[in-house]
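Coordinate-derived values only; no laboratory data. Everything numeric in this text was worked out from a predicted model, so none of it was measured. Cβ: placed from backbone, ideal geometry, glycine included. Neighbour counts: every protein chain shown.
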C-alpha cells in the first residue's frame, strides 16, 4: 500500500516566486493545498495566473479566498496611490501592503491546522526584493515560533514549519529554478500596474526585478512589456 504524501499549504500569489516555491514543494513530495488571497488588489491578472499555476502543478485543492484589503488602503496596490515607476529605491515603497504576509501566513496556518498539514510554503526572498519588512528572515522565524503558540496542533503534538526556500536567492536563480523544475514562467505574473491591454508596465519595481533576473540568468522572459526602463 502506497503511503500517503504529507500535506503542505502553499501561498500562491501567481507571481514567479510563489510558483517556484510551490514547484519545490511538489518536488519534495508534498500534496499541495494552494491558497490564493484575493485581497482586491489593483488587477485580476495575479489571480488568473495563480489558477493556471495551480492547475499545472496538480494541487489537491486551490482556494481563492476573498479578503478586501481595499477597506484598509494604505498601499498603491489597495488604494488610490500611483504605483512608482522610477526604479527600485532604498526606502520601503508605497507598494508595500500593510502586514500582508503576516495576514496571509495566518490564514495559511489556519488552513494547515484544519487539514493536518505541518508545512507552509511561501515564496518570499530577502535579496532581490523591494525592501518589504515582511519578507525578512527574522519575520519568517518569528512567525514560525508564533505558530506553535497560537494553535491547538502546535500546543499538543506538532511543530509547524514555515518553508521559505527562496529566502536567500536572487531573481536570476529563481528564474533558473523555474526552468529546472520544468515550470513555464509565462504562467506567472509579476507586474503591479498592467494596462488595459494586459501588458506588463515594465517600469514598476516588480517588472524591473523580474527583467533584471531573467537577463542575469541568460533566459528569455516570456512576459510582454509595454515599456522598457531607461536605466
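Against the main long axis of the alpha-carbon atoms of the chain, helix 45-57 sits at an angle near 50°. The Cα-based radius of gyration of region 107-190, divided by its Kirkwood radius, gives an Rg/Rh of 1.04.
Comparing 152, 85, 212 in a Gaussian network model of the chain, where Cα atoms under 10 Å apart are tied by springs, the biggest mean-square fluctuation is seen for 152.
Relative to the longest principal axis of the Cα atoms of the chain, the long axis of helix 16-27 lies at roughly 30 degrees. Mean residue ellipticity at 222 nm, helices only, the chain: -11000 deg cm²/dmol; runs of at least 4 DSSP H residues each add -39,500 (n - 2.57), and the sum is divided by the number of residues.
One quarter of the surface of the convex hull around the alpha-carbon atoms of region 7-217 equals 11.1 nm², the direction-averaged projected area.
Ordering 39-49, 135-145 by mean Cβ neighbour count within 10 Å, with the highest value first, yields 39-49, 135-145.
In the calculated pair-distance distribution of region 91-150, the portion above 20 angstrom amounts to 27 percent of the Cα-Cα pairs.
Sorting the segments 119-125, 27-33 by their mean number of nearby beta carbons within 10 angstrom, highest to lowest, gives 119-125, 27-33. Working from the Cα coordinates of region 6-93, the gyration tensor eigenvalues give, after taking √(5λ), semi-axes of 28, 15, 11 Å in decreasing order.
Compared with the dominant principal axis of the Cα atoms in the chain, helix 137-150 is inclined by about 30°. Peptides 171-182, 155-166, 200-211, 215-226 ranked from most to least packed give 200-211, 171-182, 155-166, 215-226, packing being the mean of other C-beta atoms within 10 angstrom over each peptide's residues.
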